[in-house]
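Heads up: the structure comes next, in structure tokens.
The values are calculated or read from the model by the stated rules, or taken from the named source; none is laboratory data. Everything numeric here is computed off the predicted structure, so don't read it as measured data. Don't worry about glycine lacking a Cβ; one is built from the backbone with ideal geometry, like all the others, and counts go over all protein chains shown. With ligands, DNA and RNA removed, areas are computed over all heavy atoms of the protein, side chains included. Shrake-Rupley method; radii C 1.70, N 1.55, O 1.52, S 1.80 Å.
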Amino acid sequence: MIKLEPENIEAYKFLRADYSNSGQNDKALETTQRTLKLAPDDPSLYCNLGLDYYYSDSPDKYEKAIVALKKALELKPGYGDAYFQLGLCYWKLGQLEEASRISEILLEMDDRWDVGGGEVLQKLIARQPPSKPKAKE
């Protein structure tokens, strides 16, 4: 589809999703960056970029994700998915006060976040640090 319609943004979004779902995070990130050149004002692309950075191997992945997610929120205030991912980034960075603030915003916006991300949100609101990965035996 992309070869036939090289500016078809939806085709790039599907391609990015396929890469992401199959664990090809670098290709997902590259596809999102390429798509942003075609649609620089699409908040969903910045949210995807945040997700792609979050799951990347980049040493400063959470900081890069935060920048992208803030851009998504600038373009689309009240964008719940972007807020949720932003809260997770702050949480992973140990910025528990900011993670808690973001979580409270989510819960005020829509109670579906209490169901969909309930356990994580409650940890964020309570300012509990993320669990440490278990050591391999």
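Here are the numbers:
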item	result
1.4 Å probe accessible area per residue over region 61-104, in Å²	45
For region 1-99: relative contact order, % (alpha-carbon pairs under 8 angstrom, 6 or more apart)	19
Formal net charge of residues neighbouring E30 (Cβ-Cβ distance under 15 Å; K, R +1; D, E -1)	+3
